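Notes follow once the structure below has been shown.
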Amino acid sequence: MNAIAALSPYSSSAGKTNTERHTLSVLVDNEPGVLARVVGLFSGRGYNIESLTVAEVAHVERWSRITIVTTGSPESIEQISHQLERIVPIHKVTDLTLHGRAIERELAMIKVRGKGENRVEALRLGDAFKAKVVDATTESFIFELTGAPQKIDDFVEIMRPLGLVELSRTGVAAISRGADPS
């Protein structure tokens, strides 16, 4: 289990002891209202969602995967998983954090305003992080960066003093390693 090294500033768990970050993979029927029921479980019990992504993963079966990153004590994470399993039409809940080394990726678009030396430095650092410039004007540019959430966090922090203006993130997409499905 991963203890949190640095919590999100938005985390309701900030400052609490015995707090862990977990990534849950939830396989559900792709139908109206399912996401609302899942989110309702979290809000109704006071659990925070750090990241949430949803996409269809099996067209014929009409299944979607909801990937949820949340924080809490090991007991509260286990309770969340058990409560999720009871919601119909959920097929499977997997705590990817407990099942070994999952692969997590995220996409971010980072708008930076800058001229002169700051602009050159931001572009140099973007290249070092393998960020792609997807839009540029004489006053600003937008980086596209894909990678582990920590890589994106690091890049954002480096861009702040260089003119970070705006940030948009997709949320974590995750999958378990190895042959077993998550």
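What follows is calculated from the coordinates using simple rules that are stated; it is not laboratory data. No experiment lies behind these values; they were computed from the predicted model shown. In this analysis, Cβ positions are derived from the backbone assuming ideal geometry, glycine residues included, and neighbour counts consider all displayed protein chains.
Near Val69: Cβ cut-off under 13 Å, other residues only, Lys/Arg at +1 and Asp/Glu at -1. The net charge is -3. Summing Lys and Arg as +1 and Asp and Glu as -1 over all other residues whose Cβ lies under 10 Å from the Cβ of Ala148 gives a net charge of -2.
How high is the FRET efficiency from Arg177 to Arg37, r the C-beta distance, R0 30 Å, rounded to 0.05? Taking R0 as 30 Å, the efficiency between Arg177 and Arg37 is 0.55.
Rounded to the nearest 10 degrees, the angle from helix 34-44 to the longest Cα principal axis of the chain is 90 degrees.
Cross-link partners for Lys92 among the aspartates and glutamates, with Cα-Cα distance under 20 Å and sequence neighbours closer than 8 places in the same chain left out: Asp29, Glu31, Glu56, Glu61, Glu75, Glu78, Glu104, Asp180.
Extension gain for the segment Glu121 to Asp154, taken as residue separation times 0.36 nm less the Cα-Cα distance, is 10.3 nm to one decimal. Mind sorting out which of (i) -0.37, -0.45, -1.16, -1.58; (ii) -0.51, -0.58, -1.04, -1.30; (iii) -0.47, -0.56, -1.07, -1.27 is the real log10 I(q)/I(0) by the Debye sum over Cα atoms at q = 0.10, 0.11, 0.17, 0.20 Å⁻¹ computed from the coordinates? Only one option fits the structure, namely (iii). Could you tell me the distance between the Cα centroids of region 46-90 and region 122-172, to the nearest Å? Measuring centre to centre over Cα atoms gives 29 Å. Contact order for the chain, expressed relative to its length and based on alpha carbon pairs under 8 Å spaced 6+ residues apart, stands at 24 percent.
Using per-residue counts of other Cβ atoms within 10 Å, averaged over each peptide, order 126-137, 89-100 from highest down.
89-100, 126-137
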